[in-house]
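The values are calculated or read from the model by the stated rules, or taken from the named source; none is laboratory data. Worth saying up front: this structure is predicted, and the values here are computed from it rather than measured. For neighbour counting, all protein chains shown are included, and Cβ atoms are generated from backbone atoms with ideal geometry for every residue, glycine included. What goes into the accessible areas is simple: the full protein's heavy atoms, side chains included, and nothing from ligands, DNA or RNA. Shrake-Rupley method; radii C 1.70, N 1.55, O 1.52, S 1.80 Å.
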Amino acid sequence: MTVHGIASIEDFDALKPFFRIVEQGLRDHADGDHFFDLLADDTVFEYVVSVPGYPRRVEGRHAVAELYRSYGRFMRLRSSDDLDVHWDPAKSVVVLEYRVHGEAVHTGRAYDNQFVSVITIENRKVVRWRDYLDPVAIFNASGWPTASA
């Protein structure tokens with residue numbers, strides 16, 4: 001299946017709970033049936049609080065898709081919850097607060113993280129996304145860094 005020019009949408013199955021909670025949070029502010037449909041062609045994603053080795057900035061819908069395509073090799077999400085949506089119509093900014101739950105593929109450890117995503121909307125499309133997360137949750141799930149003996 002193809003979504004907005006992104007081939008093999010099945011590659012993103014590990015992210016379905018993330019996609020669904022974001023789609024729910026943006027349904028009154030952005031148009032599109034799938035997460036990638038919500039994004040402007042020239043969207044900019046900034047990962048303000050992240051982990052070593054992850055890009056700080058990604059430009060363009062297709063670049064975001066390529067970054068997320070490999071997610072399932074590292075983490076598999078099973079659910080998402082605790083969505084709070086804050087809308088500033090004067091600035092056309094939506095702030096989403098939410099949690100995701102799953103497990104790290106290589107360790108089998110639980111993965112529970114919380115996010116704050118600050119999203120700018122223009123013409124009912126996401127043009128800017130600033131993401132904040134708990135990097136320690138990723139470290140704990142992935143077993144990095146390893147404890148010294």
Rounded to a whole number, what is D in µm²/s for region 1-77 from Stokes-Einstein with the Kirkwood radius over alpha-carbon pairs (4 °C, 1.567 mPa s)? 99
Only helices counted: for the chain, with every DSSP H run of 4 or more residues adding -39500 (n - 2.57) and the sum spread over all residues, [θ] at 222 nm is -6000 deg cm²/dmol
Per DSSP, the loop-located GluC sites (Glu not before Pro) within region 78-149 having at most 14 other beta carbons within 10 Å are none
Where does the chain land on the Kirkwood hydrodynamic radius, alpha-carbon pairs, in angstrom? 15.8
Helix 16-26 sits off the longest principal axis of the Cα atoms of the chain, rounded to the nearest 10 on a 0 to 90 degree scale, by 30
In whole µm²/s, the translational diffusion coefficient that Stokes-Einstein assigns to region 82-149, given a Kirkwood hydrodynamic radius over C-alpha pairs, 10 °C and 1.306 mPa s, equals 115
Accessible area per residue, Å², the chain with all protein chains present, probe 1.4 Å: 53
Inter-label distance for Lys91 and Glu66, nm, one decimal - labels placed 7 Å from Cα along Cα-to-Cβ: 3.1
